[in-house]
Amino acid sequence: MILHRALIREVLLTSGAVTAVMFCIFFVIRALGFLSQAAEGIIPIDSIFLLLFLKIISYLDVILPLMLYVAVLMVLGRWSRDNEMTIMAASGVGLSQLLRPAAFLLLVGIVIVGGFSLFIAPMAVRAVGTIEHEFKSRNEIVGVIPGVFLGSRGGKGVYFVESFDEQTQTAQGVFAWGRDAGREGVVLAKTAHRKVDPQTGAMSLELKNGVRYEGSPGETEYRAITFSTYTMRVKERPVGKYAPPLKGYRTFDLWQEKGALKRSEWWWRISKIVVLPVLMLFALALGRVNPRERRLLPLFWALVIYFVYTNMVGIGIAGLRQGGAGALTGLWLLHGLFGLAGAYLFWRRANDRPLLSLPSRKSAG
């Protein structure tokens with residue numbers, strides 16, 4: 001049916017546009033955080049886009065249900081304002097006729113959100129954790145950015161290079177300041193080259209054509225050493241074995257666990273899929289509006305319902321993590337109550353009844 005295809009096409013296009021806008025906002029916010037970490041030397045600047053991509057993937061299972069919900073609301077709201085819903089009703093096509101294309105959209109949403117929630121998002125979380133763990137275990141010279149003064153994590157060193165050649169792994173115009181056992185040292189070198197021992201894997205920095213100044217703060221005597229080649233051994237950072245966070249656990253592993261904390265994560269991933277049909281019922285009921293009503297008011301109440309629903313689900317998951325008795329029953333009861341409420345509102349709207357029936361006042365006498 002042409003109407004069904006039109007609804008599916010417009011919802012998919014609208015959800016794609018809304019998702020793109022959300023991605024841009026998320027990209028800017030997260031990029032600022034990663035740039036700040038890169039400026040501090042915590043992560044290499046060339047890994048920012050990889051981390052951004054993985055972070056976006058890890059949040060898609062939360063973003064996509066909201067985007068589908070908003071897309072259905074926007075499409076039905078536009079159809080109502082343009083009197084297309086009125087023409088459909090006059091032609092004998094009611095709101096219940098939209099259940100078939102809505103079911104197709106729901107099926108697509110369940111497959112996509114389920115794939116991200118159960119498999120792809122945890123994998124992205126593990127990948128981000130592995131990369132960040134690797135960065136923490138690296139030595140500090142890996143994160144040096146040309147033209148930027150960078151301090152060490154322990155506050156015992158400052159580094160600066162004028163330029164860096166990626167092909168030869170050579171830095172030009174090197175400045176390094178360090179403090180150890182109450183003594184300070186400054187090294188200036190024309191070039192520096194990073195070397196790795198193929199047998200032990202130990203890293204060293206070979207500086208050429210420079211000078212080293214050593215002394216203690218407050219004293220007038222400093223020692224200056226001019227060198228043609230100066231090798232600095234770079235200490236590795238001992239970091240423990242990487243343990244993925246709860247969000248990064250494989251879904252199959254969570255299912256096999258019996259602890260309250262890990263089981264709550266399992267039900268949280270399932271709840272991200274369960275909310276989709278409930279939100280679809282609310283979207284169909286609240287999307288059709290009176291052309292004379294304010295445009296933003298129905299969307300406002302729809303978003304209020306979304307945030308109340310999802311936050312109550314989050315509270316239910318928190319109860320599961322604390323091991324509360326009956327928390328799982330309460331969680332499914334919550335899904336059922338909101339599902340019944342959405343079905344009731346849809347039934348009233350499909351039968352051309354107001355969403356809320358207020359008792360009418362009878363005239364006296």
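Give the long-range amide H neighbours of Val289: residues separated by 5 or more places, or on another chain, with amide H under 5 Å away, using H modelled in the peptide plane at 1.01 Å from N.
Under 5 Å from the amide H of Val289 lie the amide H atoms of Ser80, each far enough along the sequence or on another chain.
Starting at the first residue of the stretch 244-249, write each ³J(HN,Hα) from the Karplus equation 6.51 cos²θ - 1.76 cosθ + 1.60 with θ = phi - 60°, in whole Hz, x for Gly and Pro.
Along the stretch 244-249, the couplings run x, x, 4, 5, x, 5 Hz.
Fewest to most neighbouring Cβ within 10 Å: what's the order for Trp268, Trp255, Trp301, Trp177? Write out the running numbers ahead of the final one.
Numbers: Trp268 22, Trp255 10, Trp301 13, Trp177 17.
So the ranking, lowest neighbour count to highest, is Trp255, Trp301, Trp177, Trp268.
Using bins 20 angstrom wide from zero, how does P(r) for the chain break down, in % of all Cα pairs?
Whole-percent P(r) values from 0 Å outward: 22, 37, 25, 13, 2, 0.
Give me, ordered by chain and number, the residues 5 or more places off Val148 or on other chains with an amide H under 5 Å from its own placed amide H.
The list, which skips near neighbours in sequence, is Val161.
Would you calculate a helix-derived [θ] at 222 nm for the chain, using -39,500 (n - 2.57) for each DSSP H run of n ≥ 4 and dividing by the full residue count, to the nearest 500?
Values: 9 runs with 197 residues, N = 365.
About -19000 deg cm²/dmol.
In percent, how large is the relative contact order of the chain, given Cα pairs closer than 8 Å and 6 or more residues apart?
On the way: 497 pairs, mean separation 60.8, N = 365.
That works out to 17 percent.
For the stretch 20-28, in order, what is each residue's ³J(HN,Hα) by Karplus, 6.51 cos²θ - 1.76 cosθ + 1.60 with θ = phi - 60°, in whole Hz (x at glycine and Pro)?
Each residue's phi maps through the Karplus curve to give 5, 5, 5, 5, 4, 5, 4, 4, 5 Hz.
Using modelled amide H (1.01 Å from N, peptide plane; none on Pro or chain starts), what sits under 5 Å from the amide H of Ile43, excluding residues fewer than 5 places away?
Result for Ile43 returns Ala38.
In the chain, if the dipole is taken from +1 on Lys/Arg beta carbons and -1 on Asp/Glu beta carbons about the Cα centre, which of Asn351, Val125, Asn209 is farthest to the positive end?
Farthest towards the positive end: Asn351.
Would you mind calculating the relative contact order of the stretch 144-233 from Cα pairs under 8 angstrom and at least 6 residues apart, reporting the percent as a whole number? Spell out each step's value before the answer.
Details: 202 pairs, mean separation 16.6, N = 90.
It rounds to 18 percent for the stretch 144-233.
Please list 3J(HN,Hα) in residue order for the stretch 88-105, calculated via the Karplus relation 6.51 cos²θ - 1.76 cosθ + 1.60 where θ = phi - 60°; whole Hz, with x for glycine and proline.
Per residue, the Karplus-derived 3J(HN,Hα) values read 4, 5, 5, 8, x, 9, x, 5, 5, 6, 8, 5, 5, x, 5, 5, 5, 4 Hz.
Read-outs: derived from the displayed coordinates by stated rules, not from any lab. Computed from a prediction, not measured in an experiment: that's the story for all the values here. Every residue, glycine as well, gets a Cβ built from its backbone with ideal geometry; the counts of neighbours run over all protein chains shown.
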